[in-house]
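What follows is calculated from the coordinates using simple rules that are stated; it is not laboratory data. What you see is a predicted model, and the numbers here were worked out from it, not measured in a lab. Here the Cβ positions follow ideal geometry from the backbone for every residue, glycine too, while neighbour counts run over all protein chains shown.
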Amino acid sequence: MNNTERITPETIRYNLTNLRQVTFEVTDDCNLQCKYCGYGEMYCGYDKRESKYLDFKSIKPLLDYLIDIWKNSMPDSSAPITYVSFYGGEPLLNVPFIKQVIEYIEASELNRKILYSLTTNAVLLERYMDYLVQKDFHILISLDGNEDNHSYRVDKSGNNSFYRVTNNIQKLRDTYPKFFKTNVNFNSVLHNRNSVESIHEYITTEFGKIPSISELNNSGIRPEKKEEFDRTYRNKSESLRESENYAKLSQELFMNEPNTHELLLYLHKYSGNVYRDYIDLFLDPEKAYCTPSGTCTPFSKKMFITVNGKILQCERIDHCFALGNVSATGLELDLNRIARVFNNYLDKIQSKCSICYRKRSCIQCLYYIETINQDSPQCHGYMDKDAYDAYTSFCLSHLYAHPELYNRLMTEVVLV
Ligand code: SF4
Ligand code: SF4
């Protein structure tokens, strides 16, 4: 890879102008105590949880900064859309903050569409559903399947939250059926008390939705909890393969099927039949400029603000990678410094990426490379020729077994 690119402060400003999502961690408090929680005892790499609640004045300098950029810069699209999202802990524990943010944005008369979204455990869903419907929220509900499947999602006394949660979901569906159909989705965490099949069967039968299914996060595990993690963890591909109705399930899950997702990347990057834009059409992919690794550039996907005012690229990375800070006293977001720090990471991984056969379809986020702060970080995703041949063979075998996927992946899916 000789044609590697580095980012500039202008790249970041461009990303902010076109920001697709800004997510606030509105509280680190939660009314549940799920056994596998990413902010629980199994993990490290996040600020200490202190039952804090974000207050509006501590993020106002950032909102003013973004609003100023959005009003005074020209976005790529004539009808830009930005999601303003609320995350926790449990975000419905801090609805006053959510209401203030929305009121402020609505009063700002932005020349872009703002959509609101929320990830919730649904314990307080009934109490706030009228407001969520009124503001046309997109809601992602965490539900791990049937009562047994859901049994890691317990309250502070250790009781399964299943009945409270499903009663609230049913109330939302019965009161606002149209909203439920268009605005509500489910996410389930896969572990040793459920399976892809049991999750899928329960949620499609009870609520008529296809859930997204996530594996437990395998980075940032406390060494002393590794054994417990290994016991709890379940691999999505393996769980799917063990399903009695594998073929049917695999077809229904489509992009949520890990092998199909891998095939999509392969076809989009190596088939020679997919072009992102007209420039792409004329460039030799081997000579095209790109940044090393599969990491998004700062704020090209989203911006995440922690309950302590740290500003990060997303909610899935260690808080030590904060790019700035916001508080009631002001905003610290130095685009020159962010570009410098990010480029420094790219420089470190460059030599490995330049000889890696996976570089064109790389999905490795550099913030997940445990040794990224060392001089010569080692990437687990690195592929030599043999590993790449095995990867190619794996993707083509999946295509051979499911030839119908070619047409669907080429016509129904857009990679952004
Ligand atoms: S995990 Fe990495 S690549 Fe993915 S959105 Fe976060 S920062 Fe970007
Ligand atoms: S898999 Fe690792 S070494 Fe290979 S291109 Fe991606 S980041 Fe670089």
Counting Lys and Arg as +1 and Asp and Glu as -1, each charge on the Cβ, what is the dipole of the chain about the Cα centre in debye, to the nearest 20? 540
Sequence order, segment 400-407: Karplus ³J(HN,Hα) from phi using 6.51 cos²θ - 1.76 cosθ + 1.60, θ = phi - 60°, Hz rounded, Gly and Pro as x, gives 4, 6, 9, x, 5, 5, 4, 4
Using Cα springs under 10 Å in a Gaussian network model of the chain, which residue among 13, 276, 234 shows the largest mean-square fluctuation? 276
Around residue 254, what is the net charge, scoring Lys/Arg as +1 and Asp/Glu as -1 over all other residues with Cβ under 10 Å from its Cβ? -2
Mind checking the dipole of segment 277-346: about its Cα centre, +1 per Lys or Arg Cβ, -1 per Asp or Glu Cβ, Debye to the nearest 20? 260
Run the paramagnetic zone check for residue 44: 7 angstrom along Cα to Cβ, then residues of segment 305-335 with backbone nitrogen under 18 Å. 317-322
Run the quick spin-label model on residue 167 and residue 57: label points 7 Å from Cα toward the beta carbon, then report their separation in nm to one decimal. 3.9
At 0.890 mPa s and 25 °C, Stokes D of segment 101-258 from Kirkwood alpha-carbon radius, µm² per second: 142
What pairs from 209/248; 99/135; 113/302; 226/301; 209/302 go past 21 Å between their alpha carbons? 226/301; 209/302
Dmax and Rg, reported as Rg then Dmax, of segment 329-416 (C-alpha, Å): 18.1, 59
What trypsin sites (Lys or Arg not before Pro) in segment 103-188 are in a loop by DSSP, with at most 12 other Cβ atoms within 10 Å of the Cβ? 156
Cβ-defined net charge surrounding residue 371, 15 Å radius [Lys, Arg +1; Asp, Glu -1]: -2
Using only the Cα atoms of segment 262-393, what semi-axes does the equivalent ellipsoid have when each is the square root of 5 times a gyration tensor eigenvalue? Give whole Å, largest first. 31, 18, 14
Plugging the Cβ-Cβ distance of residue 127 and residue 35 into 1/(1 + (r/R0)^6) at R0 = 22 Å yields, to the nearest 0.05, a FRET efficiency of 0.30
Please go through segment 101-168 and write out the GluC sites (Glu not before Pro) that DSSP classes as loop and that have at most 13 other C-beta atoms within 10 Å. 109, 147
Roughly how many Å is it from the Cα centre of segment 214-277 to that of segment 145-166, as a whole number? 25
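In square nanometres, what is one fourth of the surface area of the convex hull spanned by the alpha carbons of the chain?
The directionally averaged projection comes out at 21.0 nm².
What 222 nm value per residue comes from the helices of the chain, counting each DSSP H run with n ≥ 4 as -39,500 (n - 2.57) and dividing by all residues, nearest 500 deg cm²/dmol?
Per the formula, -12000 deg cm²/dmol.
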Farthest toward the dipole's positive end in the chain, which of 107, 179, 192, given Cβ charges of +1 (Lys, Arg) and -1 (Asp, Glu) about the Cα centre? 107
Mean Cα-pair separation over length for the chain, i.e. relative contact order, pairs under 8 Å, 6 or more apart, %: 21
Check: C-alpha center segment 88-119 vs C-alpha center segment 303-369, spacing in Å is 25
How big is the Kirkwood radius of segment 74-150, worked out from every pair of different alpha carbons and given in Å to one decimal? 14.0
Give, in nm to one decimal, the length gained when the segment between residue 252 and residue 155 is fully stretched (0.36 nm per residue of separation minus the Cα-Cα distance). 31.7 nm
Residue range of the chain that is longest and free of chymotrypsin sites (Phe, Trp or Tyr not before Pro) which are both DSSP loop and sparsely packed (at most 14 other C-beta within 10 Å): 1-274
